[in-house]
Amino acid sequence: MSVSRPVDLADEELLDRFRRGEARAFEELMRRYRTPLFNFIARSVRNQATAEEILQDAWLRILQGAADFQRASKFSTWAYTVARNLCIDQARRAVHRRHPSLDAPSGRERDEEGPSLGERVADGGRAVDRQAIGNELQLQLAAAIEALPDDQREVFLLREYSNLPFKEIAEVVGAPENTVKSRMRYALERLQEALAEYEDYARALG
């Protein structure tokens, strides 16, 4: 009779095995979710060191709460909910001690320190290449995501970077699924508007 390896098991079965004393099962859960959870947290708090601390705290809370986990929800839903709540707590604490220089995203700092993309394009016939536009677009996209309202940004991150379905996102954020879809639509509209200037550059490169 073959024995299923941890890597072959569903998340919830791994948690069940961990609760029965199999440490390797929890190690597999950490392996699966370490990177996606960290990416979500890092994009939420916008500070790598803080994100690493929150990730460790999230795993500790998941570990401590494993015995009470209910199969009514997916493990991923629970894990992202724990991470989201910790990010919210961090944001509330940061309001009271935030320094202006730490509050400005890199995209804004970059714009203040040097000429805009449009100015560089118009400067003395300097060649516009795809790599330069791509780099600028990535920075502008990051700044545009940071500028989204909190409720729209978290839905966007959970959908686009964590690949969660809308139904699961609704459980994570505690809102109706239709509300979550509306937030995603508004987020995409804001991002499209923020990046509209790059459409002309993209066409020029074509």
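The values are calculated or read from the model by the stated rules, or taken from the named source; none is laboratory data. Quick caveat: nothing in here was measured; it's all calculated off a predicted structure. Don't worry about glycine lacking a Cβ; one is built from the backbone with ideal geometry, like all the others, and counts go over all protein chains shown.
Out of Glu28, Glu22, I need the residue that is surrounded by 12 or more Cβ atoms within 10 Å (Cβ to Cβ) and under 26 Å from the mean Cα position of the chain (by Cα). Which one?
Sole residue among the options that is surrounded by 12 or more Cβ atoms within 10 Å (Cβ to Cβ) and under 26 Å from the mean Cα position of the chain (by Cα): Glu28.
Only helices (runs of 4 or more DSSP H) wholly contained in the range 139-201 count here; list those with 2 or more residues that are free of Cβ contacts under 8 Å to residues at least 12 places away in the same chain.
The helices (runs of 4 or more DSSP H) meeting that bar are 166-173, 177-194.
Considering each residue of the range 28-80, count those that are in contact with a helix residue (DSSP H, G or I) (Cβ under 6 Å, 6 or more places away or on another chain), without any contact (Cβ under 8 Å) to a residue 60 or more places away in the chain and hydroxyl-bearing (Ser, Thr, Tyr), and give that number.
Residues that pass the stated criteria total 1.
Residue by residue through the range 55-75, note down the ones that are small (Gly, Ala, Ser), part of a helix (DSSP H, G or I) and at pLDDT below 95.
Correct list: Gly65, Ala66, Ala67.
A quick yes/no check of all residues on (1) at pLDDT 75 or above; (2) over 26 Å from Arg34 (Cα atoms); (3) among the aromatic types (Phe, Trp, Tyr); (4) outside the structural domain of Ile54 (by TED's automatic domain parsing):
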{"site": "Gln131", "(1), (2), (3), (4)": "no, yes, no, yes"}
{"site": "Arg153", "(1), (2), (3), (4)": "yes, no, no, yes"}
{"site": "Tyr161", "(1), (2), (3), (4)": "yes, no, yes, yes"}
{"site": "Val172", "(1), (2), (3), (4)": "yes, no, no, yes"}
{"site": "Arg185", "(1), (2), (3), (4)": "yes, yes, no, yes"}
